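Each remark here refers to the structure printed beneath this line.
The values are calculated or read from the model by the stated rules, or taken from the named source; none is laboratory data. What you see is a predicted model, and the numbers here were worked out from it, not measured in a lab. Cβ sites come from the backbone with ideal geometry, for glycine too, and all protein chains shown count toward neighbours. What goes into the accessible areas is simple: the full protein's heavy atoms, side chains included, and nothing from ligands, DNA or RNA. Shrake-Rupley method; radii C 1.70, N 1.55, O 1.52, S 1.80 Å.
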Amino acid sequence: MNSVKSFFYSFNPRYMMPFFTALSVVLTSVFSIFIPAEPEGHIFTPPAEKEAITQGLEITDEYVIVVSDTASEAEITAANLLKSTFEEINGTKIDIITDTADKTEKEIALGKTDREYDDTVDYASLGDEGVCIKTVDDDLVITGGEKRGTLYSAYTFLEEYFGYRRFTPDLTVIPEAEKLLVPAEIDYTYVPPFMFRQTDWYPGNNKEYKVANRLNDGTMPEAAGGGVEYAGPFCHTFSSLVPTSLIETEPELFALGVQTGERTTDQLCLTNPKTLEIAKATVRDWLAANPDAAFVSVTQNDNSNYCVCEECARIDAEEGSHSGTMIRFVNAIADDIREDYPNVLVDTFAYTDGYTRQAPKITVPRDNVVIRLCSIECKFSAPMDSGYSEDNEEFLQDLKDWSAISDHLFVWDYTTDYNSLLSPFGNFGAIQRNLQIFAENDVIGVFEEGASGTAADGEFAALRCYMLSRLMWDPYQDVDKLMYDFCEAYYGAGYQNIIDFINGIDENNGFGFNIIQYWLIFPEHVDMEYGMGCFDKYYSMNVLNIDNETLKEYDELWENAIAQAQTEWQKENVRRSQICWRYWKANFKRGEFSALNESKRIAENEKFYNDLLHFNISSLMIANARHTGRLTDTPDFKTVPAEWVKAK
């Protein structure tokens, strides 16, 4: 394939465009039978209108909120949340009392209390985070799991019956209402499928936002129910488990690298008994410093230079995977801490195809080990079970294999393009189904990695964080409502234009038959493997593949969205998200960035650069050996924006 591409590219393809266009039509006809059908992700459409509650229980100032005399800080937070939100909705003021007071005529029992209907709640089934909302005659019971459940129940109650939404750290929507009406009969219980939910899209760094949207990772205050913490580093811990300085005196502690043929700190030698003893001691140090942690990470470094010493190679061959030595090593650490830390899970990666992603044939993870399976090789254009990608099919098989032998399984998933952080990433239609797939294969924790921080916020960061957070909590909820509610509040009256663009990038990310034409004319822009990955180059047609007519349609969508936004804040939100569209056009030299008018293109590039500065966007891609990935202070506007990065 590469030799054929080189042959065509040895010509001047742009000069010969008519010939290649005609040839592509012929080739498309011939090869179309071999090209997979375009996969179908979810297309966002207006959700059904929710029927208004016209009769039922009316919450008035005759009600009181009842909490236990020994209520937790999180339960007190929940009580204050209900009280303040009711007052904001229509001015209703409700007192908070403890269960030491006599029973009143109308009560909202919050959390565990001594009221008799508390006996009707199966707390054991709710775990730490399950929610329970029910009516008992004229009383309401809003309670939940031991740590965060009651607080999550309070948010669920306000969201379901009063339209409360925390879309971003700075955008909370609380609709006004004449009456505080709820159905006369409520009996709702829900336990989330994932006990660990994290994303590093930037709004998820805000603690108040996290608890409102059910993210539970890391250090959270007791007033928010605490968090699910790791002792020690979160990932890639081999470089911390054994001091790398020991390579000078005890090189046999480290990997005999498959790539380098010599001892290296890239990875550890997992069959050296002393390596194991040092790692055990380090893990115990981490746990001693954070004894309440839920996890400790024993995870490979971020490379594939694994050990091929005689003993490591023997075990891996026996196991049929390099995860063989890894799981035996991790099991030994899990056995070592079990008695002293019975509630801690030892976390390790199943990461990168050909290294540890495939499950071992013999060794089974201990029941206090959690496998974190990483989807880094997958295609994200459509749901993983769409059948269009061999990479996805192989990953799903690995998911099933690990699920079959593991008591605890997490997934580390990817939601951006690390080689082009500002390019449109058309995976919105796949997010919900992929999370459902994880839940259906007994995954109990998910980390949705994105473009961390505000420095790369030019491609729907706030929307992504909101949708990922909500879908990790409940993968089966109405995804259209999530999309429409957010976009209307965040972008204003022109929100449908934004959603039409999102549907467009999801539908046109590199699957059209005209990709053959692009391959002939611009061979460097086309990866002939179907699907959009998380390391596609900025010039990849797999990211977005559209004709000029569609380009003009997308331009109009953005113009309409800006024009219809009611406030300057909403206009700024539209313009920030529009960065991804302008970045794509500028890199492909299309639209107002067309190479046919070089002076205009240079002027538009300068304008675009100034807008990046305006929005404090300074991260364009991950760093590599050549550059830092950060926006330069001295851009050459004759080049494309992807070249405006600081050299190392």
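Arrange the peptides 442-451, 69-78 so that the one whose residues have, on average, the most other Cβ atoms within 10 Å appears first. Provide the component values of the computation, followed by the final result.
Values: 442-451: 22.8, 69-78: 19.6.
Descending packing order for the listed peptides: 442-451, 69-78.
Could you tell me the calculated FRET efficiency between residue 93 and residue 478, based on Cβ-Cβ distance and R0 = 30 angstrom, to the nearest 0.05? Provide the component values of the computation, followed by the final result.
Working: r = 33 Å, r/R0 = 1.09.
With R0 = 30 Å, the Cβ-Cβ based efficiency is 0.35.
For residue 103, list the lysines whose Cα falls under 22 Å from its own Cα; do not include residues on the same chain fewer than 8 positions away.
83, 93, 112, 134
Which value, in Å², gives the accessible area per residue of region 39-93 when a 1.4 Å probe is used on the protein heavy atoms?
Details: 3150 Å² over 55 residues.
In whole numbers, region 39-93 has 57 Å² accessible per residue.
Would you mind calculating the relative contact order of the chain from Cα pairs under 8 angstrom and at least 6 residues apart, reporting the percent as a whole number? Present the calculation step by step, with values, prior to reporting the outcome.
Values: 1266 pairs, mean separation 81.3, N = 648.
Here the relative contact order equals 13 percent.
Along each of its three principal axes, how wide is the spread of alpha-carbon positions in region 360-411, in whole angstrom units, largest first?
Taking max minus min along each principal axis of the Cα atoms, region 360-411 gives 35, 18, 14 Å.
Just name one of 78, 443, 92: the one whose Cα is farthest towards the positive end of the charge dipole of the chain (beta-carbon charges, Lys/Arg +1, Asp/Glu -1).
Most positive-ward Cα: 443.
When the C-alpha atoms of region 114-183 are aligned to their principal axes, what extent does each axis show, in angstrom, from largest down?
Computed over region 114-183, the largest-to-smallest principal extents equal 37, 28, 16 Å.
Length gain on complete extension for the stretch residue 400 to residue 104, per 0.36 nm per residue less the alpha carbon to alpha carbon distance? Kindly include the intermediate steps, with their values, before the conclusion.
On the way: separation 296, 0.36 × 296 = 106.56 nm, distance 5.32 nm.
Extending this stretch completely gives an extra 101.2 nm.
Give the Rg/Rh ratio for the chain, taking Rg as the radius of gyration of the Cα atoms and Rh as the Kirkwood radius, to two decimals. Before the final figure, lay out each step's value.
Numbers: Rg = 27.3 Å, Rh = 27.2 Å.
Value, to two decimals: 1.00.
From zero outward in steps of 10 Å, how is the percent of C-alpha pairs of region 189-347 spread across the bins?
Values per bin, smallest distances first: 10, 34, 29, 19, 7, 0.
Over the Cα atoms of region 225-289, Rg to Rh with Kirkwood Rh, two decimal places? Write down the numbers at each step before the final one.
Numbers: Rg = 13.6 Å, Rh = 12.8 Å.
Expressed as Rg/Rh, it is 1.06.
Rounded to the nearest 0.05, what FRET efficiency do residue 187 and residue 367 give with R0 = 30 Å and r taken as the Cβ-Cβ distance? Could you check? Write down the numbers at each step before the final one.
Values: r = 34 Å, r/R0 = 1.15.
For residue 187 and residue 367, the calculated efficiency is 0.30.
Stretched out fully, how many nm does the piece from residue 179 to residue 550 gain, at 0.36 nm a residue minus the Cα gap? Let's see the in-between values first.
Working: separation 371, 0.36 × 371 = 133.56 nm, distance 4.69 nm.
Taking 0.36 nm per residue and subtracting the Cα distance, the gain is 128.9 nm.
Over 20 Å apart: what share of the alpha carbon pairs of region 300-427 falls there, rounded to a whole percent? Present the calculation step by step, with values, prior to reporting the outcome.
On the way: 3999 of 8128 pairs.
Above the 20 Å cut-off, region 300-427 has 49 percent of its Cα pairs.
What size of dipole, in debye to the nearest 20, comes out for the chain about its Cα centre when the only charges are +1 on Lys and Arg C-beta atoms and -1 on Asp and Glu C-beta atoms?
Numbers: 53 positive and 106 negative charges, 579 e Å.
Its charge dipole is roughly 2780 debye.
To two decimal places, what compactness ratio does region 518-648 give when its Cα radius of gyration is scaled by 2.2 N^0.38 Å?
On the way: Rg = 15.5 Å, N = 131, 2.2 N^0.38 = 14.0 Å.
Cα-based Rg divided by the globular estimate yields 1.11.
Sorted by average packing, counted as other Cβ atoms within 10 angstrom per residue and highest first, what order do 632-643, 388-399, 406-417 take?
Ranked by mean Cβ neighbours within 10 Å, highest first: 406-417, 388-399, 632-643.
Suppose only helical runs count, i.e. DSSP H with n ≥ 4. What mean residue ellipticity at 222 nm does that imply for the chain under -39500 (n - 2.57) per run, divided by all residues and rounded to the nearest 500 deg cm²/dmol? Walk me through the numbers before you get to the answer.
Working: 18 runs with 237 residues, N = 648.
When only DSSP H runs of four or more count, the value is -11500 deg cm²/dmol.
If you take every DSSP beta bridge whose two residues both sit in the chain, what share of them, in percent to the nearest 5, is antiparallel? Don't skip to the end; give the middle numbers.
Details: 23 of 57 bridges.
Just about 40 percent of them are antiparallel.
Per residue and in Å³, how big is the convex hull formed by the alpha-carbon atoms of region 339-490? Working shown, then result.
Working: hull volume 21.2 nm³, N = 152.
Residue-normalised Cα hull volume stands at 139 Å³.
Shape call for region 78-228 from the C-alpha gyration tensor, a ≥ b ≥ c root eigenvalues: rounded (a/c under 1.5), prolate (a/b greater than b/c) or oblate? Show your work: numbers first, answer last.
Values: a/c = 1.88, a/b = 1.26, b/c = 1.48.
Here region 78-228 falls in the oblate category.
Would you mind putting 103-113, 44-54, 551-561 in packing order, based on average other-beta-carbon counts within 10 Å, highest first?
Working: 103-113: 19.9, 44-54: 10.8, 551-561: 17.5.
Taking the mean over residues of other Cβ atoms within 10 Å, the ranking is 103-113, 551-561, 44-54.
Counting Lys and Arg as +1 and Asp and Glu as -1, what is the net charge of the other residues whose Cβ lies under 11 Å from the Cβ of residue 418? Provide the component values of the computation, followed by the final result.
Numbers: positive: 537; negative: 417, 449, 536.
With Lys, Arg at +1 and Asp, Glu at -1, the neighbours total -2.
With r defined as the distance between the Cβ atoms of residue 234 and residue 442 and R0 fixed at 22 Å, what FRET efficiency is calculated, to the nearest 0.05?
Efficiency at R0 = 22 Å is approximately 0.45.
Between residue 567 and residue 314, what length comes free when the chain is fully extended (0.36 nm per residue of separation minus the Cα-Cα distance, one decimal in nm)? The partial results should precede the final answer.
Numbers: separation 253, 0.36 × 253 = 91.08 nm, distance 6.58 nm.
Between residue 567 and residue 314, full extension yields 84.5 nm more.
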